[in-house]
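Right, one structure below, let's go through it.
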């Protein structure tokens with residue numbers, strides 16, 4: 001990321017003593033240690049009077065001139081996003097300041113467009129006390145997070161909408177994910193599990209509540225099931241397909257029959273699902289709705305986790321599994337019409353976490369919106 005600046009002292013203090021994941025402390029994770037240091041630094045900022053206030057007003061884009069800009073520069077210098085003091089009093093929104101704004105936006109999970117709009121300005125005016133509370137709310141989650149990851153690990157941070165892969169403690173890759181919605185009890189839970197197999201070109205077994213919605217669409221348009229590859233079956237795993245008669249449709253609504261979507265380009269699970277059996281019936285999977293990854297906040301699913309680059313993830317997860325290189329995976333995605341289970345040669349531990357404050361792989365302290373309301377104090 002081009003906009004990352006030289007780290008200022010207040011961020012460096014957070015990182016003092018932080019080590020590579022391969023050398024984690026026995027008792028607590030590096031993330032927990034970083035959050036403790038972040039809390040100490042933020043409390044020092046609070047004792048010093050907090051960050052400067054930022055004047056609100058019309059959006060400002062790079063190249064603008066405005067009387068508010070010196071105050072915004074002062075704020076960015078105080079947070080460490082801006083390190084060049086040479087234009088401290090200038091009212092011109094220059095390229096150096098634009099890079100600092102983009103870094104601030106990146107650290108807060110916003111669109112990194114450099115535009116000082118209402119959302120960016122409101123995040124700038126969040127008081128340091130609010131950030132202190134956010135770090136404190138995350139400390140118990142970091143305390144319970146493993147001090148050492150499994151040899152092969154996937155870490156999903158639902159609040160960040162990102163997935164990271166690790167091998168022997170070494171960070172390998174980062175990709176976007178889509179997680180559960182904020183409403184209708186569709187939040188993605190926090191837990192860990194062991195991935196032991198993948199399913200290529202899977203059927204999608206439609207959950208009962210969604211199945212009833214699909215039945216309504218079929219009743220309105222008798223060609224809906226045919227167009228989108230849905231079929232009625234007696235039970236999960238059955239090879240039999242039943243006709244969408246009025247009686248069978250009602251039996252789906254009554255949960256006496258199941259509705260599933262056949263493998264294919266429109267399948268809700270895409271071309272692969274990554275299975276780590278758990279009580280929540282949550283798994284990782286591909287998606288045909290790739291345009292959703294363009295959103296900054298990506299809470300659109302029913303609880304499962306959609307991955308941005310399924311071929312890349314499959315190649316790593318299936319590494320060492322006989323006969324499954326990238327070319328064969330891509331060929332199966334393109335031509336496969338039948339569901340196929342592939343057991344992994346080496347298991348992968350999956351950690352589904354929820355951190356609204358964290359230090360990322362670039363060494364920057366990040367904050368995210370509490371999409372599930374888990375940071376709120378419990379009564």
Problem set entry | Criterion: surrounded by fewer than 19 Cβ atoms within 10 Å (Cβ to Cβ) and within 23 Å of the chain's Cα centre (by Cα) - qualifying residue of 88, 150, 159 | 150
Seminar exercise, completed: Residue count, the range 272-309, condition part of a helix (DSSP H, G or I) and buried (at least 17 other Cβ atoms within 10 Å of the Cβ), comes to 1
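Return yes or no: is residue 322 more than 17 Å from the chain's Cα centre (by Cα) and assigned by TED's automatic domain parsing to the domain that holds residue 225?
No.
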For this session: Just name the residue that is surrounded by the most Cβ atoms within 10 Å (Cβ to Cβ) out of those in the range 325-369 that are farther than 30 Å from residue 105 by Cβ and in contact with a helix residue (DSSP H, G or I) (Cβ under 8 Å, 6 or more places away or on another chain).
Result: 348
Problem set entry | Yes/no for residue 118 being loosely packed, with under 14 Cβ neighbours inside 10 Å and either touching a strand residue (DSSP E or B) at 6+ places or on another chain (Cβ under 9 Å) or at pLDDT 95 or above (or both) | yes
Problem set entry | Any hit, the range 355-378, residues being under 24 Å from residue 204 (Cβ atoms), in contact (Cβ under 8 Å) with a residue 12 or more places away in the chain, in the same structural domain as residue 173 (by TED's automatic domain parsing) and outside any loop (DSSP other than H, G, I, E, B) | no
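Table: residues versus (1) at pLDDT 95 or above; (2) more than 30 Å from residue 353 (Cα to Cα); (3) part of a loop (DSSP other than H, G, I, E, B).
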| residue | (1), (2), (3) |
| --- | --- |
| 177 | yes, no, no |
| 189 | yes, no, yes |
| 192 | yes, no, no |
| 198 | yes, no, no |
| 216 | yes, yes, no |
| 231 | yes, yes, no |
| 237 | no, yes, yes |
| 249 | yes, yes, no |
| 259 | yes, yes, no |
For this session: Report, by residue number, each residue of the range 103-136 that is more than 22 Å from residue 63 (Cβ to Cβ) and within 19 Å of the chain's Cα centre (by Cα).
Result: 107, 108, 109, 134, 135
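The values are calculated or read from the model by the stated rules, or taken from the named source; none is laboratory data. None of the values given here were measured: they were computed from a predicted structure. Cβ coordinates were reconstructed from backbone atoms using ideal geometry, including for glycine residues, and neighbour counts include every protein chain displayed.
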